[in-house]
Structures are given as structure tokens and as C-alpha cells.
Amino acid sequence: MKTLITLNHMQDMDALSPYVDGFIFGPSQYGARLACQLNNDQIESMIEKAFKLKKEVFIQTNQLMMDQQLQDFKSFVLTLPTDKITGIIVSDLGVFQVLKKLNLGCKVVYNPETLLTNYYDLNMLANEHIFGAYAAKEITFEDLNILSEHKQTKLFMIGHGHLNMFYSKRKLATNFKTQYEIEDQLHLNYDLKIIEENRKDEPFPILEDDAGTHVFRSHVMHVSHHLEKLSSMIDYLVIDTIFKDSAYALEIAKIYKDPTNEEKIENLKTSYHEVWDEGFFYKKTIYKQKVSI
């Protein structure tokens, strides 16, 4: 099992390099929920930097794209040194088709967020000769194990970070700012929280980027205590550092390199006022219907 981490800054790559196998980053015009916003020149520089460090590179282009955006995306991909890129993360099957026509289907990592819950879907994608795919965020440990036993392509999962739970292409923060005549910058503001009336002690991080608006779980998903089991089940474990700083990224990378240091884990949780849990690993999603009498 290899470990990947999303990047906050290019300058973090040297410090993180001893603890991870690769990096995830992407361009702001084609990526969603990025840990940092990057332009095309920065993307190319970071690819070259990672290549020199002998680390794998995954470009995150997971927006749901309109037709014109797909044309621009094709032009963007043609500028990249694709021989130095391990994978391109997509959520839109239209983006996959663009990459397939460019003979880059073998580099596609499909991440539909919540949809990939069974090995039939996974292996259908394997028939397209893609590089790999993400398991759904809500999948349980039991189901992940079944999926891993039958998979025919590389399996990815988010192992640490705030899981995205709501997405809209609408610019909800900007609309809120306009409606209430707020002067503060809300677009691309990584410090925003939503506080629900009935759960005031669980503020939900919210981000509006060029792809739309995203709301995340308040608790931090972590699987550091399950690495031994997961190592035989998945191929790539992803540490998502969105909403975190460079110091946090380095400390969490060290923890996943050596998860036995409980004191370091507790210190990090305390320093950043975080609550960690195991997401849906041992909690099945159950829909309860109201019965009319």
C-alpha cells in the first residue's frame, strides 16, 4: 500500500518526501476541493519537482465539466509532461472520454465520491484499462474488504481528512454575501464554517471554489489504527490536507508512516482542536422511512 498526500504548497514537497510515496495537486480551473489553488505554470513546476524526488504524481481534475470546459481541458492536458504523471483523478466520465481519446485512459483514476460501492462497477472500469478508482467514502470496512478481494484494478481510498458530504455547482457563499451585503471575502475562503442550530458544537467546514460549494464533515476521518489490515486491501491511501497548514501536513504524514506513536496523535488532535473518528467504517448508512398511519 502506497501513501499519497494533497499538497498545500510546493515548498512542502521536500519535507514530506521521506514519509509519502506521492503527491496530489491540481489546477484550480479543473480541480475541486483542492488543498491549494494552482495555475498551469505552478502545476508543471511541481510535476518536475516530484519527478526529481522520485515521487508519484496525481493531478486532480475532478470538476463536473461543461462542453466548453472539456475543450479547454484537452488543451491543458496536451501541455503536461504526461510521461511524468502517474495518474489523473477525474469524477466526470466526459473527462475520462477526453483522456481516452488522447491515449491517456490508462492514467485515469475515477473518483465518483459516493458511487463506487461494489466490485462489479470497479471491474467494469477495469475493463476500460484505467489506472484505478476510489472506493465510496461511505463504504464500511466489511464491504471494502469484499471489494478488495475481487478488484481487478488499483483501489484508492481517503484515509485521513474532512470528508466532503455536500456539493452544489451553485456559488452559495457568494449568493449569501450578495443577499446580506457582507464585505468579507467568502469565495476561496478556507476558514468558513456552517453551524447548525441543533449541532452547535460541530461546525462544518465549507468551501466555495471555482467548481461550486462544498460542505464537509466536522470530524476528521482517520484510519491510522487500521493500516496493517488495509495494506493488503487497498493500493493507495490518501491523506487529504484541505483546511490544514504545512505543519499539520508534515505531522500527519509522519503519523501514517509510524502510527504507533499515540502521544503524537493526541498532541496533534489537541493542537488543532480536532475530533477524529472512523467515518462510516463501522457504521452502515440506513435510510428510515416515515410510515403514515
Revision key, fill the gap. With the stretch 18-130 reduced to its Cα atoms and the Debye formula applied, log10 I(q)/I(0) at q = 0.19 1/Å amounts to -1.03
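For Ser232 and Asn261, calculate 0.36 nm times their separation in residues minus their Cα-Cα distance, and state this gained length in nm to one decimal.
Values: separation 29, 0.36 × 29 = 10.44 nm, distance 2.20 nm.
The span from Ser232 to Asn261 would gain 8.2 nm if fully extended.
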Revision key, fill the gap. Among [x] 19; [y] 24; [z] 13, the value of percent of Cα pairs over 34 Å apart computed for this structure carries the label [x]
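Please compute the net charge surrounding Thr82, taking Lys and Arg as +1 and Asp and Glu as -1 over other residues with Cβ under 15 Å from its Cβ.
Surrounding charge for Thr82 is +1.
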Check your understanding: Between Asn198 and Lys2, how many nm apart are label points set 7 Å from Cα along the C-beta direction?
Key -> 4.4
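By its C-alpha gyration tensor, with a ≥ b ≥ c as the square roots of the eigenvalues, how is the stretch 164-216 shaped: rounded for a/c under 1.5, else prolate for a/b larger than b/c, else oblate? Walk me through the intermediate numbers first.
Details: a/c = 1.85, a/b = 1.25, b/c = 1.48.
Here the stretch 164-216 falls in the oblate category.
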Exercise for review: Among Gly159, Gly105, Gly94, determine the one that fluctuates most according to a GNM of the chain built with springs between C-alpha atoms less than 10 Å apart.
Suggested key: Gly94
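Give me the net charge for the shell around Tyr119: Cβ to Cβ below 12 angstrom, other residues only, Lys and Arg +1, Asp and Glu -1. Mind dumping the intermediate values first?
Numbers: positive: Lys151; negative: Asp121, Asp143, Glu149.
Surrounding charge for Tyr119 is -2.
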Review point. Which of Asp41, Asp210, Asp143 moves the most in a Gaussian network model of the chain with Cα springs under 10 Å?
Key: Asp41
Exercise for review: For the stretch 104-228, build the convex hull from the C-alpha positions and give me its volume per residue in Å³.
Suggested key: 143
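Report the calculated FRET efficiency for Asn145 and Gln97 (r = Cβ-Cβ distance, R0 = 22 Å), to the nearest 0.05.
Details: r = 32 Å, r/R0 = 1.44.
The pair Asn145/Gln97 has a calculated efficiency of 0.10.
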Point to revise | Ordering of 226-236, 58-68, 197-207 by burial proxy (mean other Cβ atoms within 10 Å per residue, highest first) | key: 58-68, 226-236, 197-207
Study note, to complete from the structure: Taking the alpha-carbon centre of each part, the distance from the stretch 1-70 to the stretch 116-170 in Å is 20
**Study point:** lysines with Cα under 22 Å of Lys54, excluding same-chain neighbours fewer than 8 positions away
**Key:** Lys2, Lys84, Lys107, Lys154, Lys254, Lys257
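Using the Cβ atoms and a cut-off under 13 Å, what net charge is assigned to the surroundings of Ala15, where Lys and Arg are +1 and Asp and Glu are -1? Intermediate values should be presented prior to the final figure.
Numbers: positive: Lys49, Lys55, Lys254, Lys257; negative: Asp12, Asp14, Asp245, Glu251.
Once positives and negatives cancel, what remains is 0.
Evaluate the relative contact order of the stretch 164-216 (contact order divided by residue number), counting alpha-carbon pairs under 8 angstrom at least 6 apart; express in whole percent. List each step's numbers first, then the result.
Numbers: 81 pairs, mean separation 24.1, N = 53.
45 percent.
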Revision key, fill the gap. In nanometres, the difference between 0.36 nm per residue of separation and the alpha-carbon distance of Thr82 and Ala126 is 13.8 nm
Review point. Picking from Ile265, Ile88, Ile182, which is most flexible by a Gaussian network model of the chain using Cα springs under 10 Å?
Key: Ile182
Check your understanding: In terms of modelled amide H atoms, which long-range or inter-chain residues lie less than 5 Å from the amide H of Val220?
Key -> Val275, Trp276, Asp277
Practice item. Two decimals is fine: what is log10 I(q)/I(0) at q = 0.20, 0.23, 0.25 Å⁻¹ for the stretch 91-144, from a Debye sum with one equal scatterer on every Cα and no solvent? Key: -0.67, -0.85, -0.96
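The numbers here are math on the coordinates, done by the rules we state, and not lab data. All values derive from a computational prediction rather than experimental measurement. When we count neighbours, we look across all protein chains shown, and the Cβ atoms used for this are built from the backbone with ideal geometry, even at glycine.
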